[in-house]
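Down below is the structure, laid out as structure tokens.
The values are calculated or read from the model by the stated rules, or taken from the named source; none is laboratory data. Everything numeric here is computed off the predicted structure, so don't read it as measured data. Please note: Cβ atoms are built from the backbone with ideal geometry, for glycine as well, and neighbour counts cover all protein chains shown.
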Amino acid sequence: MVPPAIRWDRVERRYGTVMAVDGVTLAIDTGAFVALVGASGSGKSTLLRMVNRLVPPSAGRVLVDGTDVAAGPAPALRRRIGYVFQHIGLFPHMTVGENIAIGPRLAGDPPADVGRLLDLVELPRAVATRMPAELSGGQRQRVGIARALAPGAKLLLLDEAFGALDPVTRDALGRRLRALHDELGLTTVLVTHDMAEALLLATRVVVMAAGRIVADETPGALLAGAGGDAAQALVGVPRAQAARLAALVP
Amino acid sequence: MNAFLDALGRVPPLLAQHVLLAMAALALAVAIAAPLAIVSARRPRVARIALGFASLIQTIPSLALLALFFPALLSLSALVGGGIPALGFLPSLLALTLYALLPLLRNAVAGLNGIDPAVVEAADAVGMTPWQKLRLVEAPLAAPVAIAGLRTAAVWTIGAATLSTTVGQPSLGDLIFAGLQTQSWALVLAGCVAAAALALAVDAGIGLVERGIATRRRPVWLGALVTLAIGLIAATAPAWPRGGDGPVVVVGAKNFGEQYILARLIGQRLERAGYRVEYRDGLGSAVIFGAVASGTIDVYVDYAGTIWSNEMHRRDVPARPAMLAAIADWARTTHRVRLLAPLGFENAYAFAMPERVAAQRRIATLDDLAAQSPRLRLGSDLEFLERPEWAAVRRAYPMRFAATTPYSPTFMYRALGSGRVDAITAFSSDGRIAAERLRVLADPRRAIPGYDAILLLAPDRAADARFTAALRPLAGKIDVATMRQANYRVDRDADKETPEQAATWLAKQLGL
């Protein structure tokens, strides 16, 4: 039997008296595109960041491909997992090409094919020699995704990765991400507070509130009314917006 | 102008020592500050303690910090059974290193803390080990701010290194201190100009490195770095060891003209005997005996009364021959220092007044001076008021002056000449006593001990036949009138001679 790509096993995370993650057990199959949705402070980012050990759990354990993430050194684990976050964090003193190639360089692997990676995120190859400060926000996040994919990662974690982008860029980048997920056979976990984004991109939507999972459904089931009140409240927002937009059409 | 060019001629060897000292201190400070800054950036508690300590050091005047290392190293050396030099390079290095810590530490911590947290998180997320994160991300991003701190530290260290002269480490300060003592402004100017030029050059060089790194232009910062390194290494060339020139001996001198002259007189004789001679000028009375006892210097001239009061802590005042015998015995048995011979003259503390004023007030003795002291102002040298002789004088003659002001010797004579003080604590061998028509007051109660000038030899030189043979001809040869003339050649306001010239003149007078 193939173990799940990620498995959280009765995981908790306390900050003082606050339970950010309150006893979560969840498994994600290889090849799935899962959206973790919830309001700010629902614990979705904390849950994600436990996978590559940016946050250690207070209790419980996290397994990637059947192995406890706490077993080996953190850098080796992180080099196998792509991670993209809202603030991107490109290294300002390195060129775009150097930023993308950093993962294989750290691991001592053969140099990354920067040109091909730029193709994947639909950036012209010429940007490889530019500095990050010369790029737009959307271009920078594309570089962030290319950097995450460079070591040949099969598991991609995105923490509000499109949160700071304008709607047009955000939509284009979301579609590109979904296409990459399919082309490269990735397992993708996308943390977002935007239910419409989750419904349009993911194969499975997990809703969190106050550190617990309150719904775990396919997009189709959620739209059909499953998942309970908290999930339906989130689904209701884009649905109502769509209806109001439709009503504006003369 | 000629004097200034002559003074500039003395710069290269001192500049070499200055650069060696300042760069060694800076390198040591960087070696300490860099790891401390990295830990501080990760742990705010460590940062508070480290920066607090560095700030505290900064509040100690640099001169005092240097001076404090003398007793500290002396007791440390005693603790481990000797071998740690308390004078010269080591205390200077330690004091300057401590002094350089604050700007280095503060800027490095600020540079590290100023890095965008998202960049640090990305470094973790792509799988950097802590060392890779430091090398690839934190160090290059903190570098411009950290290097600005290095610039500040370099300028401070180069400036403060001039003070290391006072603990027996040659530096450009030698010119400044010697110039101040003998009022050779050309020397002071040469020392200041050289130190300032060095500081500006290093500041500009590091500045260029800083700009090159900030604008990511590798040829610029690499070129500046290489130029700076070559320049500094070239500046130390005069200090490179040269083999085959014979053994090196070090002649010590306190911080006034007579000492400079006698040191040169001794040095010239030793050079003729085949030694290579170095000078440590400007040593304080408190440290110079320790310097000869520890072998930091090989020979110097001290005065019997100074050893008697300061080192032996004696208060009685025996006859001069008995006192010399007791000092020779004490120095040999307690420190293995050899009193080779008295030079023949005395340089005693002597209270002096302008002849005209003394006649008018009818003051001829210290008893007369004490009686009128509440209406008089006393000028002294920098150390007399702290010395046991002053306590002894006041025990014998109850004096209470309206004001007592310490001056450096040259300014003390100026103050007397301009009437700002009425009496001074002069030195009996000072050429200015005769030249400025001063009356030396008698000491009928014999409160002030004898101050025969004596040659003191380090333990390793005590039985060195060639060394003692070179100096023995000086024994008993110099009378006080000749010494006064030699001193006046250096101390007078116009037509000054250098201590070397005066020493050559003195040697000729002595028929050597």
* State whether one or more residues within the stretch A:8-30 are buried (at least 18 other Cβ atoms within 10 Å of the Cβ), within 14 Å of chain B (Cβ to nearest Cβ), modelled with pLDDT of 90 or more and in contact with a helix residue (DSSP H, G or I) (Cβ under 6 Å, 6 or more places away or on another chain). => no
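Is one or more of the residues making up the stretch A:236-246 closer than 28 Å to A:VAL24 by Cβ, in contact with a Leu (Cβ under 7 Å, 6 or more places away or on another chain) and not polar (S, T, N, Q)? Before the answer, list the steps.
Going residue by residue through the stretch A:236-246, those that are closer than 28 Å to A:VAL24 by Cβ are A:236-239.
From what's left, in contact with a Leu (Cβ under 7 Å, 6 or more places away or on another chain): none.
There is no residue in the stretch A:236-246 that is closer than 28 Å to A:VAL24 by Cβ, in contact with a Leu (Cβ under 7 Å, 6 or more places away or on another chain) and not polar (S, T, N, Q).
Every residue, every condition in (1) under 28 Å from B:ALA142 (Cα atoms); (2) basic (Lys, Arg); (3) surrounded by fewer than 21 Cβ atoms within 10 Å (Cβ to Cβ), yes or no:
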| position | (1), (2), (3) |
| --- | --- |
| A:THR67 | no, no, yes |
| A:ARG78 | yes, yes, no |
| A:MET94 | yes, no, yes |
| A:GLY108 | yes, no, yes |
| A:ALA112 | yes, no, no |
| A:SER136 | yes, no, yes |
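Hey, among B:GLY274, B:GLY295, which residue is out of contact with any strand residue (DSSP E or B) (no Cβ under 7 Å at 6 or more places or on another chain), in contact (Cβ under 8 Å) with a residue 40 or more places away in the chain, under 24 Å from B:GLU500 (Cβ atoms) and outside any helix (DSSP H, G or I)?
Details: B:GLY295 fails: under 24 Å from B:GLU500 (Cβ atoms).
Answer to the check: B:GLY274.
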* To do: Taking only the stretch A:118-133 into account, find how many residues are within 22 Å of B:PRO144 (Cβ to Cβ) and more than 13 Å from chain B (Cβ to nearest Cβ).
  => 0
* **Number of the exception - B:GLY191 against (1) in a helix (DSSP H, G or I); (2) at pLDDT below 90; (3) not aliphatic (A, V, I, L, M)** => (2)
* Structure fact -> Residue hits (the stretch A:129-178; among the small types (Gly, Ala, Ser) and either closer than 24 Å to A:GLY108 by Cα or at pLDDT 95 or above (or both)) are A:GLY144, A:ALA146, A:ALA148, A:ALA150, A:GLY152, A:ALA153
* **Number of the condition not met by A:TYR83 [criteria: (1) crowded, with 17+ Cβ neighbours inside 10 Å; (2) free of Cβ contacts under 8 Å to residues at least 12 places away in the same chain]** => (2)
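For the stretch B:135-146, indicate whether the set of residues that are within 42 Å of the chain's Cα centre (by Cα), hydrophobic (A, V, I, L, M, F, W, C), buried (at least 23 other Cβ atoms within 10 Å of the Cβ) and away from chain A (no Cβ under 12 Å) is non-empty. Give the derivation first.
Here is the first cut: in the stretch B:135-146, the ones within 42 Å of the chain's Cα centre (by Cα) are B:135, B:138-146.
Imposing the further condition that a residue be hydrophobic (A, V, I, L, M, F, W, C) reduces the set to B:139, B:141-143, B:145-146.
Those left that are additionally buried (at least 23 other Cβ atoms within 10 Å of the Cβ): B:142, B:146.
With the extra rule that they be away from chain A (no Cβ under 12 Å), the set shrinks to B:146.
Within the stretch B:135-146 (the criterion being within 42 Å of the chain's Cα centre (by Cα), hydrophobic (A, V, I, L, M, F, W, C), buried (at least 23 other Cβ atoms within 10 Å of the Cβ) and away from chain A (no Cβ under 12 Å)), the answer is yes, since at least one residue qualifies.
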* Asked: If you scan the stretch B:17-61, which residues turn out to be farther than 18 Å from B:TRP156 by Cβ and among the β-branched types (Val, Ile, Thr)?
  -> B:ILE38, B:VAL39, B:VAL46, B:ILE49
* Asked: Does B:VAL251 count as farther than 21 Å from B:LEU73 by Cβ and in a strand (DSSP E or B)?
  -> yes
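Between A:LEU54, A:LEU90, which is under 17 Å from A:LEU158 (Cβ atoms), surrounded by 21 or more Cβ atoms within 10 Å (Cβ to Cβ) and within 13 Å of chain B (Cβ to nearest Cβ)?
On the way: A:LEU54 fails: surrounded by 21 or more Cβ atoms within 10 Å (Cβ to Cβ).
Answer to the selection: A:LEU90.
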* Asked: Going by the conditions given, is A:LEU200 part of a helix (DSSP H, G or I) and surrounded by 12 or more Cβ atoms within 10 Å (Cβ to Cβ)?
  -> yes
* Structure fact -> By residue number, the members of the stretch B:114-134 that are more than 8 Å from chain A (Cβ to nearest Cβ) and in contact with a helix residue (DSSP H, G or I) (Cβ under 6 Å, 6 or more places away or on another chain) are B:ILE115, B:LYS133
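Residues checked against (1) small (Gly, Ala, Ser); (2) within 14 Å of another protein chain (Cβ to nearest Cβ); (3) assigned to a loop (DSSP other than H, G, I, E, B):
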site: A:ARG61; (1), (2), (3): no, no, no
site: A:ALA70; (1), (2), (3): yes, no, yes
site: A:ARG78; (1), (2), (3): no, yes, no
site: A:GLY97; (1), (2), (3): yes, no, no
site: A:PRO111; (1), (2), (3): no, no, yes
site: A:ARG116; (1), (2), (3): no, no, no
* Near pairs, Cβ below 7 angstrom, 6+ apart or cross-chain, from the stretch B:349-377 (free of Cβ contacts under 8 Å to residues at least 24 places away in the same chain and assigned by TED's automatic domain parsing to the domain that holds B:SER428) to any residue that is surrounded by 16 or more Cβ atoms within 10 Å (Cβ to Cβ) and not charged (D, E, K, R) -> B:GLN372/B:ILE363
* Asked: List the pairs whose first member sits in the stretch B:308-330 and is over 16 Å from B:ALA453 (Cβ atoms), whose second member is among the basic types (Lys, Arg), and whose Cβ atoms are under 9 Å apart, counting only residues at least 6 apart or on separate chains?
  -> B:ARG315/B:ARG395; B:VAL317/B:ARG446; B:ALA326/B:ARG314
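Can you tell me which residue within the stretch A:139-163, out of those that are touching a Gly at 6+ places or on another chain (Cβ under 6 Å) and assigned to a loop (DSSP other than H, G, I, E, B), is surrounded by the fewest Cβ atoms within 10 Å (Cβ to Cβ)? Let's see the steps before the verdict.
As a first pass, look at the stretch A:139-163 and keep what is touching a Gly at 6+ places or on another chain (Cβ under 6 Å): A:148-151, A:153, A:156.
If we keep only those that are assigned to a loop (DSSP other than H, G, I, E, B) as well, we get A:150-151, A:153.
Numbers: A:ALA150: 26, A:PRO151: 22, A:ALA153: 19.
Here the answer is A:ALA153.
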* Asked: If you take the residues of the stretch B:94-111 that are closer than 18 Å to B:ALA139 by Cα, among the small types (Gly, Ala, Ser) and away from chain A (no Cβ under 14 Å), which of them is surrounded by the most Cβ atoms within 10 Å (Cβ to Cβ)?
  -> B:ALA108
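Can you name every one of the strands (runs of 3 or more DSSP E) wholly within the stretch B:354-447 that holds 2 or more residues which are under 22 Å from B:ALA494 (Cα atoms)? Even if it seems obvious, please write down each step before you answer.
Details: elements: B:377-380, B:403-406, B:423-427, B:438-440.
Passing ranges, in order: B:423-427.
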* Asked: Is one or more of the residues making up the stretch B:112-121 surrounded by 19 or more Cβ atoms within 10 Å (Cβ to Cβ) and touching a residue at least 24 places away in the same chain (Cβ under 8 Å)?
  -> yes
* Asked: In the set B:PRO85, B:PRO35, which member is more than 14 Å from chain A (Cβ to nearest Cβ) and part of a helix (DSSP H, G or I)?
  -> B:PRO35
* Just a yes or no: is a residue in the stretch B:192-204 closer than 13 Å to B:ILE147 by Cβ, among the β-branched types (Val, Ile, Thr) and more than 14 Å from chain A (Cβ to nearest Cβ)? -> yes
* Structure fact -> Residue hits (the stretch B:189-214; among the aliphatic types (A, V, I, L, M), closer than 24 Å to B:GLU258 by Cα and out of contact with any Leu (no Cβ under 6 Å at 6 or more places or on another chain)) are B:LEU189
